[in-house]
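Worksheet for the structure shown next.
The values are calculated or read from the model by the stated rules, or taken from the named source; none is laboratory data. All values derive from a computational prediction rather than experimental measurement. Here the Cβ positions follow ideal geometry from the backbone for every residue, glycine too, while neighbour counts run over all protein chains shown.
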Amino acid sequence: MSKSSPRPSPSAAKTLASEAAARRAVANDSSTPRPHHIRKFSNRLAAFMRWLHIYLSLFGLFALLFFSVTGITLNHPDWFFNEAEKSVQSEGKINPAWLRLKSPEPVIDSQNSDDETRHVARLEIVEFLRKTHAVRGALSEIKADDRECTVTFKGPGYAADAFIDRDSGDYKITQTYHGFIAVINDLHKGRDTGTVWSIVIDLSAVVMTLVSITGVIILFWIKRRRVSGMITALVGTIVVLFVIWRWVP
């Protein structure tokens, strides 16, 4: 007479049921990506963000230091403007024929749009002053009335003004040098610095923004510092906004 197999205990039955359920779950989830694929992508993204953050920081290092230091010199001009302003005055004579042209020059921009200024040889006058007096900076303005022609040059920490008699060609020119601190302050503000430096300022701002963003993104991969880091960033933001709201007129 054959013996029937013993019945499994309740605990063993539960174990078998849970194992079967786990096998079914694995079979149902076979279409989803495997966890190690997700981890691999996450690791690659983290490595790329670290690389981007490091090299953007190094690339923009000088720009960041420059705009940080000049921010202090701009905010506290009384600390740094002890250097004396230097002015150099000169006199000379220019070809009177350049000051009263028989036929007016074509309108190039707003600086020679009026009738008197169009009867002045702008290019010849500007190049003569640059060559004779080593004038630097960009041409800021050239204007003429019935008696006098004025020419103004401006650059970072620099200005030159020439006053020319249109009848005789005699002129006086004053060049003003404001010193090194004024030069770097004007570079910070982009004042009288030209188009190329304006592009440099924009690119520096983009680099600094990307450095900040990648730094925050990297923080999410550092589990031990994630919460404290975000709290620190939030506190810093609140402090700045509170100072603006409370003390800025």
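State all residues of the range 115-130 that are surrounded by fewer than 16 Cβ atoms within 10 Å (Cβ to Cβ) and of a type in the set (Asp, Glu); if no residue qualifies, say none. Answer for the range 115-130, where residues must be surrounded by fewer than 16 Cβ atoms within 10 Å (Cβ to Cβ) and of a type in the set (Asp, Glu): Asp115, Glu124, Glu127.
Can Ile108 be described as modelled with pLDDT of 80 or more, of a type in the set (Val, Ile, Thr) and surrounded by 10 or more Cβ atoms within 10 Å (Cβ to Cβ)?
Numbers: modelled with pLDDT of 80 or more: no; of a type in the set (Val, Ile, Thr): yes; surrounded by 10 or more Cβ atoms within 10 Å (Cβ to Cβ): yes.
In short, no.
Out of curiosity, is Thr150 farther than 23 Å from His178 by Cβ, touching a Lys or Arg at 6+ places or on another chain (Cβ under 8 Å) and not aliphatic (A, V, I, L, M)? Judged against the criteria, Thr150 is not a match.
Among the residues of the range 157-192, what is the count of those that are more than 22 Å from Leu99 (Cβ to Cβ), charged (D, E, K, R) and assigned to a strand (DSSP E or B)? Quick ask: steps written out before the conclusion?
As a first pass, look at the range 157-192 and keep what is more than 22 Å from Leu99 (Cβ to Cβ): 157-159, 176-192.
In the following step, the residues that additionally are charged (D, E, K, R) were identified as 186, 189, 191-192.
From what is left, the residues that are assigned to a strand (DSSP E or B) are none.
Here the count works out to 0.
Sort out which residues of the range 167-182 are closer than 24 Å to Leu61 by Cβ and surrounded by fewer than 17 Cβ atoms within 10 Å (Cβ to Cβ), and write them in order of number. So that I can check it myself, show each step before the final result.
Of the residues in the range 167-182, the ones closer than 24 Å to Leu61 by Cβ are 180-181.
Selection gives Phe180 alone.
Scanning the range 53-107 for residues that are assigned to a helix (DSSP H, G or I) and either in contact with an Asp or Glu (Cβ under 9 Å, 6 or more places away or on another chain) or more than 30 Å from Ser212 (Cβ to Cβ) (or both) turns up Asp78, Pro96, Ala97, Trp98.
Please verify whether Leu45 is touching a Leu at 6+ places or on another chain (Cβ under 9 Å), modelled with pLDDT of 90 or more, of a type in the set (A, V, I, L, M, F, W, C) and surrounded by 11 or more Cβ atoms within 10 Å (Cβ to Cβ), treating the condition exactly as stated. If you could, list the steps in order and put the result at the bottom.
On the way: touching a Leu at 6+ places or on another chain (Cβ under 9 Å): no; modelled with pLDDT of 90 or more: yes; of a type in the set (A, V, I, L, M, F, W, C): yes; surrounded by 11 or more Cβ atoms within 10 Å (Cβ to Cβ): yes.
Taking the combined requirement at face value, the residue does not satisfy it.
Inside the range 135-156, residues that are more than 17 Å from Gln89 (Cα to Cα) and in a loop (DSSP other than H, G, I, E, B) make up a count of 4.
Each residue in the range 193-249 was checked for being part of a helix (DSSP H, G or I), within 22 Å of Leu58 (Cβ to Cβ) and either β-branched (Val, Ile, Thr) or not assigned by TED's automatic domain parsing to the domain that holds Leu61 (or both), and 12 pass.
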